[in-house]
Amino acid sequence: MKRACLLFLLTLSLAFGSACGARINPPGDLSNEDLTVIGMSQVGAESDWRVANSESMKMVFTEENGYRLLFEDARQKQENQITAIRKFIQQQVDYIVLMPISESGWDSVLQEAKEAGIPVILVDRMADVEDESLYAAHVGSDFLKEGTLAVDWMESGFRESGDTVKIIHIQGTLGSTAQLGRTAALEEAVAARENWELLIQLDGDFTQAKAYEVMTAYLSSLPGEGDIDVVYCENDNMAFGALQALEEQGYRCGREGVSIITFDATRGALTECLNGKISLAVECNPLLGSLVEEVIQTMEAGRIPEKHRYVEERVFTKGDLTEALIACRDY
C-alpha cells in the first residue's frame, strides 16, 4: 500500500513538473538558467586581430565565471549578423554583444532587440543609428585617433624632405568604423599638405590575401618600378600581403625603401617591425572581453554604463621593440 502510494505521488509529481516546465520553458527560452546568457555576433576570423578578439571574449564569458556564451561567426556577412541577432532575441538571451561588420543597416534589428528588453553592447566597431538608445554601450578603439598617430609619425619622418611624399593606401572593409576612422585621418592629412600625393586607394577588406592581390595588380600595372614612399595599411594582415607583393616586385621595405605603416600591432607585425620591414605599427588592442564584462556587471547592478569606453593604445617603431617584449604580448 505504501509503495503504491509512493508510486502515485511520484507519477503525479513528474506529470506536474513536466507541465510546469512546458509553460516556463518554451523552445529557445534560456531565461530560467542561473547563468547570464550572452549572444555574441562576431564579424568572422579574417585577421589575427579578430581571432585574438574572439579568444578574449571566450576566455571571459565562461560557465565558471557565471555566463553561457552563444557565439555566432558571421563569416564577413552582415546578413548573417542580423539573422544571429534575431535568433538571440527568440532565445531570450540576457545581453547581445555585436561586432558590427559595417556601420549602417542596424536600426531595424536593434529596435527589435530594444523592444524585447535585451541590451545590445557594441564591441570594436560602431553602428550608425538614428536612436543611440538602441545600444547600451560601445567598447573599442578610437580609430580616428589611431590614424592621427600614424599621420603624425609620417609628418615627423618626412618633414625635412621637400620632395613629394607618394602614398599607397590599402583600406579595410569599406564602411566599417576602423576603415572610416583610419581613412579620414589620412585623407585629411593629404588634403592639408601640398607635397603629399595619394597615388591610389585599394580595397584590401582587412585580409592578407586580398591585400596581396590588389597590391600585386597595381604594382604590375606600373610601367616600371614606381616611386613609392609609404604604404598605409589599415591592419596587420593587409600589411603582410602588401609587404609580400612589394618584395616580389623588387621593392625594398623599411629604412632605405618603402615605409609600411600598419594598425593592430599583433606579434607578427611587431616582429616585422623589429626586423625593419615595417616602419610603424599602431596598436589596436583586441583584448576587450574584460571591458565588456564590466559593462554587463554595471547593468546587472542597475547602473548605467559609460556610452563609449576606449582602450589605451600606443605606437611602435623598431627602436621601441625587443624580442622579449614581443614574446610577452598576449596577441
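The values are calculated or read from the model by the stated rules, or taken from the named source; none is laboratory data. Keep in mind it's a predicted model, so treat the numbers as computed, not measured. Glycine also receives a Cβ, built like all others from the backbone with ideal geometry; neighbour counts cover every protein chain displayed. What goes into the accessible areas is simple: the full protein's heavy atoms, side chains included, and nothing from ligands, DNA or RNA. Shrake-Rupley method; radii C 1.70, N 1.55, O 1.52, S 1.80 Å.
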Study note, to complete from the structure: For segment 205-225, the count of residues that are within 28 Å of Gly181 (Cβ to Cβ) and open to solvent by 20 Å² or more (accessible area, probe 1.4 Å) equals 11
**Study point:** Residue among Gly250, Gly302, Gly257, Gly276 that is farther than 18 Å from Trp49 by Cα, touching a Phe, Trp or Tyr at 6+ places or on another chain (Cβ under 8 Å) and surrounded by fewer than 17 Cβ atoms within 10 Å (Cβ to Cβ)
**Key:** Gly257
Revision key, fill the gap. Cβ pairs under 6 Å, 6+ apart or interchain, first in segment 278-289 and touching a residue at least 12 places away in the same chain (Cβ under 8 Å) and among the acidic types (Asp, Glu), second assigned to a loop (DSSP other than H, G, I, E, B) and open to solvent by 20 Å² or more (accessible area, probe 1.4 Å), ordered by first then second residue, are Glu283/Glu313; Glu283/Arg314
Review point. Scanning for something assigned to a helix (DSSP H, G or I) and open to solvent by less than 30 Å² (accessible area, probe 1.4 Å), does segment 131-141 turn up at least one residue?
Key: yes
Practice item. State which residue is nearest to Cys284 (Cα to Cα) when the search covers only segment 309-326 and only residues that are hydrophobic (A, V, I, L, M, F, W, C) and modelled with pLDDT of 95 or more. Key: Val315
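Looking at Gly162, Gly147, Gly175, which one is of a type in the set (Gly, Ala, Ser), assigned to a loop (DSSP other than H, G, I, E, B) and either buried (at least 18 other Cβ atoms within 10 Å of the Cβ) or in contact (Cβ under 8 Å) with a residue 40 or more places away in the chain (or both)?
Numbers: Gly162 fails: either buried (at least 18 other Cβ atoms within 10 Å of the Cβ) or in contact (Cβ under 8 Å) with a residue 40 or more places away in the chain (or both); Gly147 fails: assigned to a loop (DSSP other than H, G, I, E, B).
The match here is Gly175.
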